[in-house]
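Presented below is the structure to which this report refers.
Readers should treat all values here as calculations from the given coordinates under stated rules, not as data from a laboratory. Keep in mind that what you see is a predicted model, and the values were worked out from it rather than measured. Cβ placement follows ideal geometry from the backbone for every residue including glycine, while neighbour counts extend to all protein chains displayed.
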Amino acid sequence: MTELKNLALTILIGALPSLLLAQDVGKGYALSIESLYGSGGVVWAHNASGYDPDYGNPTSKLSYDNIQSSGIQARVAVALSDGNAVQYWLATGELQGGALRDQDWFSDAKADALVGPTLFSDTLSALGNTHFLNLGVALQLPITKAPGHDIFWTLGGAYISETLEAYGAVLLADPYGIYPAPIGAYIVPAGTKALTQTTRLLSLRLGLGANFDLSNRMQLQLALVGL
């Protein structure tokens with residue numbers, strides 16, 4: 001059997017211009033539509049050492065970096081009697097740009113037998129434009145409140161579906177001469193799809209946010225969120 005492990009925290013830093021569609025202060029709810037902008041990355045590690053002892057742990061590490069995101073989000077915020085609030089959202093949009101570094105390792109025993117390093121392959125690819133879906137709920141815990149703005153902690157969970165596509169592959173390291181190309185050359189031509197990874201997962205959402213009222217119907221929300 002093989003294993004997939006998410007080795008890194010995805011950090012998203014975003015600004016969300018928000019248009020208030022409906023609000024009932026007496027009933028304690030607000031419905032809004034928001035523009036999403038963010039940046040982040042993620043690292044996935046694949047362990048096949050239990051299947052083949054020649055491979056290391058991790059066997060392969062896929063490091064996605066500098067991914068920009070933009071999209072649209074519908075959000076409902078409901079006030080609770082204790083002064084906190086709960087938020088529900090549905091978001092969809094596009095993932096743009098970034099890079100993928102793909103590294104592969106032998107086990108220590110295999111590398112010792114070959115009298116070489118454990119790293120046997122290292123490549124770099126460009127990421128294309130793809131899509132994402134995010135559906136979730138979070139508890140909003142106020143830190144400070146003042147006329148026109150508030151700062152809060154957010155704690156919740158989300159279902160996330162996203163697709164990442166890598167194009168081309170530049171060879172960064174090849175100590176065993178596996179590829180018929182020199183270091184720095186393309187082993188997959190630029191513009192040719194090298195990898196597609198579709199991920200569906202349940203994610204914990206923990207972060208810090210702030211709302212700033214721009215007008216009676218416009219609001220800016222800033223967020224630093226770990227997924």
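Some observations on this one:
- Remark on PHE106: its backbone amide H falls under 5 Å from those of GLY56, LEU119, PHE120, a criterion applied only to residues 5 or more positions apart or on other chains, H modelled at 1.01 Å from N.
- By other beta-carbon atoms within 10 Å, ranking LEU36, LEU135 with the fewest at the front produces LEU135, LEU36.
- If you plug the beta carbon distance of ALA173 and GLN68 into 1/(1 + (r/R0)^6) with R0 = 25 Å, you get a FRET efficiency near 0.35.
- Chain lengthening between VAL115 and GLU94 when straightened (0.36 nm per residue, less Cα-Cα): 3.0 nm
- Exposure proxy ranking, count of Cβ atoms within 10 Å, fewest first, for ASP65, ASP150, ASP82: ASP82, ASP65, ASP150
- From the largest down, segment 121-176 spans 61, 22, 21 angstrom on the principal axes of its Cα atoms.
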